[in-house]
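Quick notes on the structure that follows.
The values are calculated or read from the model by the stated rules, or taken from the named source; none is laboratory data. Because the structure is predicted, anything quoted here is derived from the model rather than measured. Reconstructed Cβ throughout: ideal geometry from the backbone, glycine too, with neighbour counts over all protein chains shown. These accessible areas exclude ligands, DNA and RNA; they are computed on the full protein's heavy atoms, side chains included. Shrake-Rupley method; radii C 1.70, N 1.55, O 1.52, S 1.80 Å.
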Amino acid sequence: MKIEVKNVKFVEAFSEETYCFTASIRVDGKKVGEASNRGHGGQTDLIYNDGYPHKSATHKAIKEYCETLPPMESEYFSEGLEYDPYILIDELIDKEYHHQQDKKLCRGKTAFRMPNHEYESKYEYHILKQKYTPAVKAELIKRYGEGVYILNEHI
């Protein structure tokens, strides 16, 4: 089973404690429902084409799929966190949020990480105010070595 979120739209102005967003939920390429969150810290709302979660066969199938996944690593739970449809969708939304942020970061610039440099978060990069090109890549490798990580190559 392949579960994805598509057409994700974030409204950062309304995000307070969680992401404010709307998205469609797809299973094996077929749209099966919608996910949304108002950004006030509450649980993500899931509405499936075949009904609300407590009555939906789709929700039950996703829940059964989640039971096959290994626990999610978490800094808050020493043994990991068991997946359920809400946690799975929220994780997919988080990945999409960071993917969109990475695309914005690289627009017209080159974002990179130097080898052997300490970064405070996994989302921190050095920014070169030059559009990414093979020549820019060659210069970064020349300056920092083969271990330089260029975000533009991974989005």
Which numbered condition in (1) in a helix (DSSP H, G or I); (2) more than 15 Å from A23 (Cβ to Cβ); (3) open to solvent by 80 Å² or more (accessible area, probe 1.4 Å) is the only one that K95 fails? (2)
Hey, any hits in the stretch 118-138 for a residue that's touching a Ser or Thr at 6+ places or on another chain (Cβ under 7 Å), surrounded by 14 or more Cβ atoms within 10 Å (Cβ to Cβ), over 21 Å from Y19 (Cβ atoms) and among the aromatic types (F, W, Y)? yes
Among (1) within 27 Å of F10 (Cα to Cα); (2) surrounded by fewer than 13 Cβ atoms within 10 Å (Cβ to Cβ); (3) in contact with a strand residue (DSSP E or B) (Cβ under 9 Å, 6 or more places away or on another chain), where does E153 come up short? (3)
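Could you identify the single residue in Y65, Y19 that is among the aromatic types (F, W, Y), farther than 15 Å from K95 by Cα and touching a strand residue (DSSP E or B) at 6+ places or on another chain (Cβ under 9 Å)? Write out each step before concluding.
Details: Y19 fails: farther than 15 Å from K95 by Cα.
Just a single option satisfies the conditions, and that option is Y65.
Here's the yes/no breakdown for (1) under 30 Å from Q130 (Cα atoms); (2) basic (K, R):
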| position | (1), (2) |
| --- | --- |
| E17 | no, no |
| R26 | no, yes |
| L46 | no, no |
| E75 | no, no |
| D94 | yes, no |
What's the number of the only condition in (1) surrounded by 13 or more Cβ atoms within 10 Å (Cβ to Cβ); (2) part of a loop (DSSP other than H, G, I, E, B) that S78 fails to meet? (1)
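So that you can scan it fast, the table gives a plain yes or no per residue for (1) aromatic (F, W, Y); (2) modelled with pLDDT under 95:
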residue: Y65; (1), (2): yes, no
residue: P71; (1), (2): no, yes
residue: F77; (1), (2): yes, yes
residue: I89; (1), (2): no, no
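For the stretch 110-155: of the residues being aliphatic (A, V, I, L, M) and assigned to a loop (DSSP other than H, G, I, E, B), which is nearest to H99 (Cα to Cα)? Give the steps one after another, and end with the answer.
Initially, the stretch 110-155 is screened for residues aliphatic (A, V, I, L, M), giving 111, 114, 127-128, 135-136, 138, 140-141, 148, 150-151, 155.
Filter once more, keeping what is assigned to a loop (DSSP other than H, G, I, E, B): 114, 148, 155.
Values: M114: 20, V148: 20, I155: 7 Å.
Per the criteria, the residue is I155.
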Say whether the condition of being modelled with pLDDT of 95 or more, of a type in the set (F, W, Y) and within 26 Å of K2 (Cα to Cα) is met by at least one residue in the stretch 117-137. no
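Look through the stretch 5-15, keep the residues that are at pLDDT 95 or above and surrounded by 15 or more Cβ atoms within 10 Å (Cβ to Cβ), and return whichever of them is farthest from I89 (Cα to Cα). Outline the logic, then answer.
Of all residues in the stretch 5-15, those at pLDDT 95 or above come to 5-11.
With the extra rule that they be surrounded by 15 or more Cβ atoms within 10 Å (Cβ to Cβ), the set shrinks to 5, 8, 10.
Details: V5: 7, V8: 12, F10: 14 Å.
Only one residue fits best here, namely F10.
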